[in-house]
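K.L.:
Below: one structure in structure tokens.
Values in this text are rule-based calculations from the coordinates and carry no lab data. These numbers come from a predicted model, not from an experiment. We place every Cβ from the backbone using ideal geometry, glycine too, and count neighbours over all the protein chains shown.
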Amino acid sequence: MATSAINPFESAKKQLKIAADILNLDKKTLAILSQPKRELSDDIPVRMDDGSTQNFNSLRVQHNDALGPFKGGIRFSPQVSIDEVRALAMWMTWKTSLVGLPFGGAKGGVICDPKKFSKRELERLSRGYVQQFVEYIGPDKDIPAPDVYTNAQIMAWMLDEYEKLTGHHAPGAFTGKPVEIGGIGARESATGYGGAVAVQQVAKLLKLKPKSTTVAIQGFGNVGHYAAQFLHDAGYKVVALSDSQGAIYNKSGLNPAAAMTCKIEKGKIAECYYRGSVVNGSKADVITNDELLELGVDVLIPAALENQITAKNANSIKAKVVVELANGPTTPDADKILYEKKIVAVPDTLANSGGVIGSYFEWVQNNYGYYWTDDEVHERLSKLVISAFNKVVAKSEEHSVNMRTGAYLLAVHRVANAIELRGGV
Ligand code: GLU
């Protein structure tokens, strides 16, 4: 996957500035919103299985809490940097604001390669993270969740450590937990589910019929694989799938469930190029992640990392629609090019909001100790995504701007109002 030196925090600030200019935001509010409220950084010592101790730099950036407790995931990845986490924290603020949640925005990260960790090492790292930042976490303070290379098991260790250190049960301190300890069944697939709802909305807008609509998805983690499955089930033709090591493409369609089974067995999606069940009997082409982005499909879904669509490749994008299930996959320069090419880009803050909406429902249920069915969660989640989608389309049309700026106008306005009401400016 293309890595790039583009600084995501600079991109995030540029996106904010575009909206701030249209909103005529005063300088003080813009200054508040351009920087995180708090940044925590520490080295976590982890005892490794070989008896040695290694330190891992760990971060929690709390961007804004005018609308409610800070909220956002924690990622474990070698690519984590302070500016990446700052950008991701700011994007969380806009995401929660846009869909009307009573949360602010935060993000965490640990610079490490979790694929090289044993299960016990991963547990010690997860517990170490909580030991380091415990006083800043809590159901009414800051609520972490899974993100890239973290999952329900990691949330379970983190919650357990948190409850041990604070001496009481507090299931709402972490979301994305296993069902057994207060998680909700629909949370793991919530980002993919919300993404599929966003695709359906944009398809309706552009009058695309599911059966003849081709979809390419970059990334086959928690987000990409569920999105692929929900879209396949809704009748869309998923023609390309990828993981960090490569992609497969077949114009007559792939079977996401079979691709997942094969990936688990073989470790790489590119090894699944000739499996009858994955590609409906015919051979798939093995392509690169960069080639996947440039396929002549109707819907392109970046569902992996930042900076995938940049000024370098934006001119080669052939999709009619880009639906951002990753955070920050398109740079501001690329945004302009896509808009000029009349490619509709559904921004991350809207398209991947299903994840944090699912987290919100989990937190609400933890707070009142009463649990809904998965169908109820899906129904409520769809309503929030559809309502935000319609508002973003209307706002973009009103100001003749792309959907990202439309989303920013709504999200920034709500946060700025809350800051003013609190007497912050
Ligand atoms: N990591 C997800 C995101 O980027 C979910 C965050 C959450 O649920 O707090 O939106």
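K.L.:
Based on what the data block shows, is residue 342 on the phi > 0 side of the Ramachandran plot and basic (Lys, Arg)?
P.N.:
Judged against the criteria, residue 342 is a match.
K.L.:
Which ones in segment 400-425 are part of a helix (DSSP H, G or I) and not aliphatic (A, V, I, L, M)?
P.N.:
404, 405, 406, 408, 413, 414, 417, 420
K.L.:
Find all pairs meeting these conditions: Cβ atoms under 6 angstrom apart; at least six residues apart or on different chains; first residue within segment 142-154 and under 22 Å from residue 101 (Cα atoms) and without any contact (Cβ under 8 Å) to a residue 24 or more places away in the chain; second residue outside any strand (DSSP E or B) and within 7 Å of the ligand (Cβ to nearest atom).
P.N.:
So the pair list comes out empty.
K.L.:
Right, another one. Mind checking which residues of segment 173-182 are at negative phi, crowded, with 24+ Cβ neighbours inside 10 Å and either more than 11 Å from the ligand (Cβ to nearest atom) or not polar (S, T, N, Q) (or both)?
P.N.:
Within segment 173-182, 173, 174, 177 meet the criteria.
K.L.:
Among the residues of segment 221-264, count how many are in contact (Cβ under 8 Å) with a residue 40 or more places away in the chain, surrounded by fewer than 24 Cβ atoms within 10 Å (Cβ to Cβ), touching a helix residue (DSSP H, G or I) at 6+ places or on another chain (Cβ under 6 Å) and over 23 Å from residue 188 (Cβ atoms).
P.N.:
1
K.L.:
For segment 131-145, what are the residues that are closer than 18 Å to residue 57 by Cα and within 12 Å of the ligand (Cβ to nearest atom)?
P.N.:
Within segment 131-145, 144 is the sole residue that qualifies.
K.L.:
Residue 96 - would you say it is of a type in the set (S, T, N, Q), out of contact with any strand residue (DSSP E or B) (no Cβ under 9 Å at 6 or more places or on another chain) and crowded, with 16+ Cβ neighbours inside 10 Å?
P.N.:
no
K.L.:
While we're here: Residues in segment 328-346: is at least one in contact (Cβ under 8 Å) with a residue 60 or more places away in the chain, within 10 Å of the ligand (Cβ to nearest atom) and of a type in the set (Phe, Trp, Tyr)?
P.N.:
no
K.L.:
Hydrophobic (A, V, I, L, M, F, W, C), more than 10 Å from the ligand (Cβ to nearest atom), under 18 Å from residue 203 (Cα atoms) and crowded, with 24+ Cβ neighbours inside 10 Å, is that true of residue 351?
P.N.:
yes
K.L.:
For segment 7-116, which helices (runs of 4 or more DSSP H) that fit wholly inside it have 3 or more residues that are within 16 Å of the ligand (Cβ to nearest atom) and in contact (Cβ under 8 Å) with a residue 24 or more places away in the chain?
P.N.:
8-23, 82-98
K.L.:
Okay, next question. State which residue pairs qualify: first residue under 15 Å from residue 343 (Cα atoms) and in contact (Cβ under 8 Å) with a residue 24 or more places away in the chain and inside segment 396-411, second residue acidic (Asp, Glu) and not in a helix (DSSP H, G or I) in any location, beta carbons under 9 Å apart, and separation of 6 or more residues or different chains.
P.N.:
Sorted first by the residue in segment 396-411, then by its partner, the pairs are 404/324.
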